[in-house]
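So the structure is just underneath, and the comments pick up after that.
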Amino acid sequence: MSSATTLLEDTSSKRPQLAHLSAQLDDLRSRGTHFKLRVLDDEQAQVCHYDGREVINLASNNYLGLCNHPKLREAAIAAVEKYGVGSGAVRTIAGTMRIHMELEEKIARFKGVEACVVFQSGFTANAGTVSSILGKEDFILSDELNHASIIDGARLSRAKIKVFRHKDVAHAEELLKEIENEPGRKLVITDGVFSMDGDIGPVAALADLCDKYGAIMMVDDAHASGVLGRNGRGSVDHFDCTQRVDVQVGTLSKAIGALGGYVCGSRDLIDYLYHRARPFLFSTSHPPSVAASCIAGFDILENEPERIERLWANTKYFQEQLTGAGFDIGGRTTPKSETPITPIIIGDGRKTMEYSRALFEQGLMATGIAFPTVPEGKARVRCIMTSEHTRAQIDKALEILASTAKRMDLLA
Ligand SMILES: *Cc1c(COP(=O)(O)O)cnc(C)c1O
């Protein structure tokens, strides 16, 4: 550390203005859930180095290995050479490049919808969309485990928020009935795949409700894009609901391997978001290289479906082996995983973080997740399978998971 950095840290720690933050960090330390960021030294790959240690990586969302696929890499380099590194403006001022339009048209065709708008991230796609399509007279019905970006968007909209129990369609209907005669619009929203438990949202049943009550149906397919549905078209395609879901959100940051989020739907929905979604209006658009990589990523979904098949085969094997070894991977006190997201439920936050650290020491990267990201008492080490893990890597990971859990007395 340079002396300049040390000096800065010393002065800032003496200023009282932010002392409440330091107190909260001390509280996290005393609970054992304070963390340091692990730093990746090389590529986001199945075996890589974090903080200088070689690990088998079960922590990324790089489902299909596209983060470092040669075709996405080449597309980015070619775009940098042709168009430079930045777009120079927000989309609505001067920052809409031809390649942004090409990406949106490609996604719309892939999803079988009229139109698509790309945002800087899945987070801004959700937050920007939910906050702009509703107002304070309206109602949002949201699954209790929906992603933070949906919750933030709902708050920003100032609509009235009603939370239904996780995947409880009957509860959602009860809430819809209560407000049936209210004049406001109603939006029902669910994750397609829930990010902490890996279970699949009841998209078809919620779409039935929306049809019955005239509500708007919205699905956030961040973890389903590239994973579920034909060639990875998502949970909406998986349930054959494309014509009945008004607003489909997806991400380009997970299976697609680069960065961004998108909304798919009718031409008017997209045109409206061009005019009203605040992250679209007030934040600069993607570098052309990112758009180029994403286009190449969709080409791979279309042309290499065997990656998705490998992802599911690896998932099935990994989850069967974990269950056989006595791990709770959901389904007892938490929802049961139905996708490559595989939580190993530990319960106690401190123990979970200790387990994750011990795994790392043994050469396995699997992130501990505790309150407030998941409910108190339901802390877990979350593992995510990819299509690119070899059987040998998975076996080695299983051995580390089991031997470390036995040593720490975590297996039932
Ligand atoms: C990751 C995630 C997002 C955010 O996507 P980014 O592109 O990383 O911003 C939104 N919704 C869900 C359900 C997610 O898991």
Worksheet item: Cα-based count: Lys pairs in the range 80-238 below 28 Å, eight or more positions apart or different chains?
Response: 22
Practice prompt. Pick out, from 142, 364, 30, the residue whose Cα sits farthest towards the positive end of the charge dipole of the chain, with +1 on the Cβ of Lys and Arg and -1 on the Cβ of Asp and Glu.
Written response: 30
Worksheet item: Out of residues 5 or more away from residue 344 or on other chains, whose amide H comes under 5 Å of its own, with H placed 1.01 Å from N in the peptide plane?
Response: 381, 382, 383
Item to complete: Using Cα centres only, tell me the gap between the range 118-168 and the range 221-271 in whole Å.
Response: 16
Fill in: Total charge dipole magnitude, the chain, about the Cα centre, Cβ charges on Lys, Arg, Asp, Glu only, Debye to nearest 20
640
Practice prompt. Mind putting a number on the dipole of the range 68-303 about its Cα centre? Charges go on the C-beta only, +1 for Lys and Arg and -1 for Asp and Glu, and I need it in Debye to the nearest 20.
Written response: 660
Worksheet item: In whole angstrom, how far apart do the alpha carbon centroids of the range 15-73 and the range 316-383 sit?
Response: 17
Worksheet item: For the range 230-299, what is the charge dipole size about the Cα centre, in debye to the nearest 20, if Lys and Arg each add +1 at the Cβ and Asp and Glu each add -1 at the Cβ?
Response: 140
Worksheet item: When DSSP assigns beta bridges and you keep just the ones with both residues in the range 68-303, what percent turn out antiparallel, to the nearest 5?
Response: 40
Worksheet item: What number comes out for the charge environment of residue 264, summing +1 per Lys or Arg and -1 per Asp or Glu over other residues with Cβ under 12 Å away?
Response: -2
Item to complete: Heavy atoms only, probe 1.4 Å: what % of the accessible area of the range 68-303 goes to carbon and sulfur, would you let me know?
Response: 51
Worksheet item: From the residues 225, 87, 159, which one has its Cα farthest along the dipole of the range 68-303 in the positive direction, the dipole being from +1 and -1 charges on Cβ of Lys/Arg and Asp/Glu about the Cα centre?
Response: 87
Fill in: Modelled FRET efficiency - R0 45 Å, residue 390 with residue 268, Cβ distances, 0.05 increments
0.45
Fill in: CD proxy at 222 nm, helix term only [per DSSP H run n ≥ 4: -39500 (n - 2.57); per residue of the chain; nearest 500]
-13500 deg cm²/dmol
Worksheet item: What is the percent of Cα-Cα separations in the chain that go past 38 Å?
Response: 24
Discussion item. Can you tally the net charge around residue 387? Count Lys and Arg as +1, Asp and Glu as -1, for every other residue whose Cβ sits under 9 Å from the Cβ of residue 387.
Written reply: -1
Worksheet item: Within the chain, what percent of beta bridges assigned by DSSP are antiparallel, to the nearest 5?
Response: 55
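The values are calculated or read from the model by the stated rules, or taken from the named source; none is laboratory data. Quantities reported herein were computed from a predicted structural model and do not represent experimental measurements. Cβ coordinates were reconstructed from backbone atoms using ideal geometry, including for glycine residues, and neighbour counts include every protein chain displayed. Calculation scope for accessible area: heavy atoms of the full protein, side chains included, ligands and nucleic acids excluded. Shrake-Rupley method; radii C 1.70, N 1.55, O 1.52, S 1.80 Å.
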